[in-house]
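Have a look at the structure below before the remarks.
Nothing in this text is a laboratory measurement; each read-out follows from the coordinates by a stated rule. Computed from a predicted model, the values in this text were never measured in an experiment. Cβ atoms come from the backbone with ideal geometry, glycine included; neighbour counts cover every protein chain shown.
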Amino acid sequence: MVTVEADLVCVESRLAAGQLRCPACLQGVLGGWGFARSRRVVGFAGAVRPRRARCRSCLVTHVLLPVTVLLRRGYAAQTIWESLWLRGRGRGHRQIGAALQVPAATVRGWLRRVGGRLEVIRARFIHMAVFTGIDVAIPDWQCCGWRDLVAAIEVAAAAIRQRFGPAGLVGAVTPAQVLVAVSSGRLLAPDWPSGR
C-alpha cells in the first residue's frame, strides 16, 4: 500500500510519467493496474475507489490510498483527527462520539488503539517534523499524552507547510493528511508504528 495525494488526476499523471517508486523493491516504477474495491467512507459524498498500481520490475501490486482515508476505516481521516484533537482537549469517547456523530464504541476503539502507544506515535511525528522542517520548535511537554500527541501532529503539519508551502508542491496540508501520510495510512493498524 502506498499513500498518495487525494487528487486522482495528479495520481494518474504521476503513474503515467513513472514518478511513483515501488516500496517493495525500491527500484521499480509503478504503473496503473486497475482499481481496488469501492467502499463507502463516512465523510465523503460518494464511494472511495483507490487506484491500484503494479511495479514494472518486481511485479508486486499496491493500492494507492489517498491521504484522506486510513487503511480499513469507514470514516474519513479528518473525523479521526478531530476525535484525537477533542481527546487532547479532555473530552471522553461519549462526548467525542456525540460531537462528531460517530458511535461512541467506534471512537473508544480509535482512542484505545492510539492510547496504547501515545509516546511512540508522538515521537514519530516529532521526528518527521524535525526531519522535514526548518528550525522546528519542538512543543513543550504538556503533562498529558493526548495533548502532546496533538501538538506533535500539528508541529509536523506546520513543518511540512513551511517546507513545501501551503499550496506549493503538495497543495494545502492539513493535520489529518499528515496523520495519514506519516503513518502510511496505518495509524490505527495493530502493527503500526512497530511494523513496516
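Any chance you could run the full-extension gain for residue 29 through residue 1? It's 0.36 nm times the residue separation minus the Cα-Cα distance, nm to one decimal. Kindly include the intermediate steps, with their values, before the conclusion.
On the way: separation 28, 0.36 × 28 = 10.08 nm, distance 1.41 nm.
Separation in residues times 0.36 nm, less the Cα-Cα distance, equals 8.7 nm.
Expected output is a single nm value to one decimal: the length gained when fully extending between residue 118 and residue 138, i.e. 0.36 nm times separation in residues minus the C-alpha distance. What is it?
5.6 nm
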- Calculate the dipole size of the chain relative to its Cα centre from +1 charges on Lys and Arg beta carbons and -1 charges on Asp and Glu beta carbons; express the result in debye to the nearest 20. 800 debye
- Yeah, the range 1-111 with a ≥ b ≥ c from its alpha-carbon gyration tensor (a/c under 1.5 is rounded, else prolate when a/b outruns b/c, oblate otherwise) is prolate
- Query: Which one of 146, 81, 33 has the biggest mean-square fluctuation once the chain is modelled by GNM with Cα springs under 10 Å?
  - Reply: 33
- Query: According to the Kirkwood expression over distinct Cα-Cα pairs, how big is the hydrodynamic radius of the range 93-178, in Å?
  - Reply: 14.0 Å
- Message: Springs between alpha-carbon pairs under 10 angstrom, Gaussian network model over the chain: which of 137, 77, 36 fluctuates most?
- Response: 137
- Query: With the calculation restricted to Cα positions, what are the radius of gyration and Dmax of the chain in angstrom?
  - Reply: 17.1, 50
- Of the candidates 100, 47, 151, the farthest towards the positive dipole end of the chain (Lys/Arg Cβ +1, Asp/Glu Cβ -1, centred on the Cα centre) is 47
- Query: Taking R0 as 22 Å, what's the FRET efficiency between residue 72 and residue 194 from their Cβ-Cβ distance, rounded to 0.05?
  - Reply: 0.80
